[in-house]
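Values in this text are rule-based calculations from the coordinates and carry no lab data. This is a predicted model, so every value here is computed, not measured. Methodologically, a virtual Cβ is constructed for each residue, glycine included, from the backbone with ideal geometry; neighbour enumeration extends over all protein chains shown.
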Amino acid sequence: MKKPVMGIQLYTLRDFIQTADDFDSTLERLGKLGVKDVQISAIGEFPAKEQGEILRKHGMTCCVTHKQFERMLTDLDAMIDDHREIGCDAMGIGAAPENSRYSSTNVRNFINQAQQIGAVLKKAGMTFNYHNHDFEFHKLNDKNYSMMDMLLNETDPDLFHFIPDLAWIHYAGSDPVEILGKMKGRVKVAHFKDYIFDENNSRKFVSLGKGRVNLRECYETACELEIPYIVYEQDCDWVDGDPFRSTEESWAFMQELIK
């Protein structure tokens, strides 16, 4: 049983990676924590070649990205070149576009487009990866099943991979461990995220290990399934409004998990 490598999803620190200098200093700060692997998402508009140079400077690797699906449809060759510059073989999207949701027809159209992208990426030695929220688990308007049911059952495992977000799965009312099992062999990177309901019964994201998601059980499952990477992500609600503090707390929790 192989333990997953722990990393950080840079979307959590997106305000601090908008320039090359900030990206450099952010990786330096993460490196001091012992971080060696990151996911690049919501990064600023500076060249992928420069991103790759900064990653290598800090001895870090990029395990997966989040990029715009619309650009994949029109500029995929350039995106493949960019991923080669940063040494990443997994291209992901954060969510399906609005026009790809809610009905089985919309979802099926999205699947067809995604798998065409996946086929090109496969030829280039890469994979297409889908990150979920909670809406994928809601019943479609015209069917008694969900978008996630379709993504799991109507996609080619060689062309369509997943980036399961455990907090969103739990928030949707599903069991993250069960969903991880259904995605067996199709996950390179799993997102560890946690949340609570506050005094107003509103969802609030929290540092790992402080919320409702059974992350220890999820970690054991990730080990059993030999998922290569686990990355921490927190969209907002950081400790004292400081995403670095939340990252440090969550990284400490992740290090406890692997002991």
Subject >> Complete set of residues in the stretch 7-34 that are touching a Leu at 6+ places or on another chain (Cβ under 8 Å) and farther than 20 Å from Cys236 by Cβ >> reply: Leu27
Original post:
On the given criteria, is Ile258 closer than 25 Å to Lys3 by Cα, exposed (fewer than 14 other Cβ atoms within 10 Å of the Cβ) and out of contact with any Gly (no Cβ under 9 Å at 6 or more places or on another chain)?
Top reply: yes
Original post:
Just a yes or no: is a residue in the stretch 169-179 of a type in the set (Phe, Trp, Tyr), closer than 20 Å to Met6 by Cα and in contact (Cβ under 8 Å) with a residue 12 or more places away in the chain?
Top reply: no
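Quick grid of which residues meet (1) within 24 Å of Lys182 (Cβ to Cβ); (2) under 16 Å from the mean Cα position of the chain (by Cα):
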| site | (1), (2) |
| --- | --- |
| Ala78 | no, no |
| Val120 | no, no |
| Lys123 | no, no |
| Asp134 | yes, yes |
| Leu140 | yes, no |
| Asp149 | yes, no |
Original post:
Applying the selection to the stretch 52-76, what residues are on the phi < 0 side of the Ramachandran plot and more than 19 Å from the chain's Cα centre (by Cα)?
Top reply: Gly52, Glu53, Ile54, Arg56, Lys57, His58, Leu73, Thr74, Asp75, Leu76
**OP:** May I ask you to list the residues in the stretch 77-88 that are surrounded by 17 or more Cβ atoms within 10 Å (Cβ to Cβ) and either not charged (D, E, K, R) or not in a helix (DSSP H, G or I) (or both)?
**Re:** Met79, Ile80, His83, Ile86, Cys88
